[in-house]
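The values are calculated or read from the model by the stated rules, or taken from the named source; none is laboratory data. Just so we're clear, the structure is a prediction, and the values are computed from it rather than from any experiment. As a convention, Cβ positions derive from the backbone with ideal geometry for all residues, glycine included, and neighbour counts pool all protein chains shown. Only protein heavy atoms, including side chains, enter the accessible area calculation; ligands, DNA and RNA are left aside. Shrake-Rupley method; radii C 1.70, N 1.55, O 1.52, S 1.80 Å.
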Amino acid sequence: MVNYLNLAASLLIAAGFIWFVIATRKIAWKPMVIAEVAIAAGLSLVFGFLKIGQLPQGGSITLAILPVLVIAFRRGLVPGVVTGVLAGFLQMICDPFFVHPLQIALDYPFAWGALGLAGVVVKDTSRKKFVWIIGIATLIVVVGFISTFFIQSGTIVWDRYVMLAILVIFLGASLFISGNGFKGKIGAVALGSLGRFIFHFVSGVFFFAQYALPGYSVVGYVALYIFSHLFFEAILSAIVIIPLQRSSNLMEYQESDKVSV
């Protein structure tokens, strides 16, 4: 079973890498865009050292995700993903937590790159598609949350409820991408955080099960552990975005020319 899970994770990483290569080729990487991406990735590393809280098996509460989100809002999905991937590599080099090659890929370039999903908020067409996807996903999760109770004949399986509740929180907040201005950015922060949560969760279930406390299931423990710092990072970043949104054009979308491939 473990071999099949490793194979599935490897295929997911391979598919993500292929998309990354194709998508980045469609962007006209002008000097200004490259400079912004590089500066944001560097700032993410710096902010990562300014820790508000630290968890024992990796993970901390910082503003490290904020520069990645800013690029996603300014330049869109692909530059946001690229910035996240670079920030993830920098975090991996300077503050590593290595267990397995797949864990490295999931916890660093992929989890951080997923923050770039926040960039869908800047394009109306992408935003509308994601609103439908998120809405359907939210409905499925809510139905799963309710049906779990009846399937278990009234017995509360706490880890499933915890996981489904966390997904509902992130998915529900992500629906705000349908709005404009600050409301849309709140949804984008939630969407990027959801993507990051999923990759960290998969990594945690695969490679950190031994850290689960006695009496706790792996799924419930990993979900709560990751949520305990990603949620507060998202809240903190959203709070900082408020004055940035009101006092400067830093959060305004800057059109980036496309090239054909």
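Can you find even one residue in the stretch 118-135 that is open to solvent by 20 Å² or more (accessible area, probe 1.4 Å), modelled with pLDDT under 85, touching a Phe, Trp or Tyr at 6+ places or on another chain (Cβ under 9 Å) and not basic (K, R)? Spell out the reasoning first.
Our first condition is that a residue be open to solvent by 20 Å² or more (accessible area, probe 1.4 Å); within the stretch 118-135, this holds for 122-133, 135.
This time we only want the ones that are modelled with pLDDT under 85, so: 123-126.
Retained after the next criterion (residues that are touching a Phe, Trp or Tyr at 6+ places or on another chain (Cβ under 9 Å)): 123.
So of that shortlist, the ones also not basic (K, R) come out as none.
Taking every residue of the stretch 118-135 in turn, none turns out to be open to solvent by 20 Å² or more (accessible area, probe 1.4 Å), modelled with pLDDT under 85, touching a Phe, Trp or Tyr at 6+ places or on another chain (Cβ under 9 Å) and not basic (K, R).
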Query raised in the report: Taking the stretch 170-226, which residues are within 21 Å of Y253 (Cα to Cα), at pLDDT below 90 and among the hydrophobic types (A, V, I, L, M, F, W, C)?
Result: F182
Report summary line: When every residue in the stretch 72-81 that is open to solvent by less than 10 Å² (accessible area, probe 1.4 Å) and in contact with a Gly (Cβ under 6 Å, 6 or more places away or on another chain) is compared, the one modelled with the lowest pLDDT is G76
Query raised in the report: For the stretch 231-246, does any single residue satisfy the condition of being modelled with pLDDT under 80, open to solvent by 40 Å² or more (accessible area, probe 1.4 Å) and out of contact with any Cys (no Cβ under 9 Å at 6 or more places or on another chain)?
Result: yes
**Report entry** Only listed residue being open to solvent by 80 Å² or more (accessible area, probe 1.4 Å) and at pLDDT below 90, chosen from F97, F49, F89, F20
**Finding:** F49
Query - Those residues of the stretch 28-46 which are open to solvent by less than 50 Å² (accessible area, probe 1.4 Å) and outside any helix (DSSP H, G or I), in sequence order - result: A28
